[in-house]
Amino acid sequence: MIHTIEFISLVLTVPTILLSLWVVALFGPKAWRFISTKRIKNLSESELLVIGITIGFIGNFFDNIYWGIAWTVEFLNRGEPNDWFKYGVASNIPFRQLAGIIAATCHIAAAIMLSRMQRKRYFIVWLIALLAGVALLGANGWRIN
């Protein structure tokens, strides 16, 4: 059963990568134009959305490339230790977490341009997220290996 699920996931990884690349090809030039010709404070809601979409799908593209390789190595079971999994957390930082945070921030910024209440909520969510991260580290005894 697990082998079948891994196979389906690997098959779906290919269109995910290609479609992510297509989205970046469609939105990327516009996003770059907005970023290169305007100051961040002067971006409109729709421009922020385009930038967020682009950044999110760039991250998605590279994340799926990395994990597609890792799971392909695992699936083929070459009998070697799979270093792709060992170092996968390093790949997650730029392509999953940071790209996701930046993309979400662009989308949220577009939404809060319309409401002061949303700005307060955004600050509160960031505060809670940071405190939860610190609490997680504290639960680990403040150890960073």
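The values are calculated or read from the model by the stated rules, or taken from the named source; none is laboratory data. These numbers were taken from a predicted model, which means no experiment stands behind them. A quick note on method: Cβ atoms are made from the backbone with ideal geometry, for glycine too, and the neighbour counts reach across all protein chains shown. Protein only, heavy atoms only, side chains kept; ligands, DNA and RNA dropped before computing areas. Shrake-Rupley method; radii C 1.70, N 1.55, O 1.52, S 1.80 Å.
Tell me which helices (runs of 4 or more DSSP H) are completely within the range 51-145 and hold 1 or more residues being at pLDDT below 85 and touching a helix residue (DSSP H, G or I) at 6+ places or on another chain (Cβ under 6 Å), or say none if there are none. Lay out the reasoning, then the answer.
Numbers: elements: 83-86, 88-92, 99-112, 116-139.
Ranges flagged: 99-112, 116-139.
For Phe27, state whether it is under 30 Å from Ser115 (Cα atoms) and either polar (S, T, N, Q) or under 17 Å from the mean Cα position of the chain (by Cα) (or both). Lay out the reasoning, then the answer.
Values: under 30 Å from Ser115 (Cα atoms): yes; either polar (S, T, N, Q) or under 17 Å from the mean Cα position of the chain (by Cα) (or both): yes.
Taking the combined requirement at face value, the residue satisfies it.
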Check: Could we say that Asp83 is free of Cβ contacts under 8 Å to residues at least 12 places away in the same chain and either of a type outside the set (Ser, Thr, Tyr) or surrounded by 14 or more Cβ atoms within 10 Å (Cβ to Cβ) (or both) here?
Finding: yes
Notebook entry, point to check: Is it the case that Ser9 is in contact (Cβ under 8 Å) with a residue 40 or more places away in the chain, open to solvent by 70 Å² or more (accessible area, probe 1.4 Å) and among the polar types (S, T, N, Q)?
Noted result: no
Check: Within the range 56-75, is even one residue free of Cβ contacts under 8 Å to residues at least 24 places away in the same chain and open to solvent by 70 Å² or more (accessible area, probe 1.4 Å)?
Finding: no
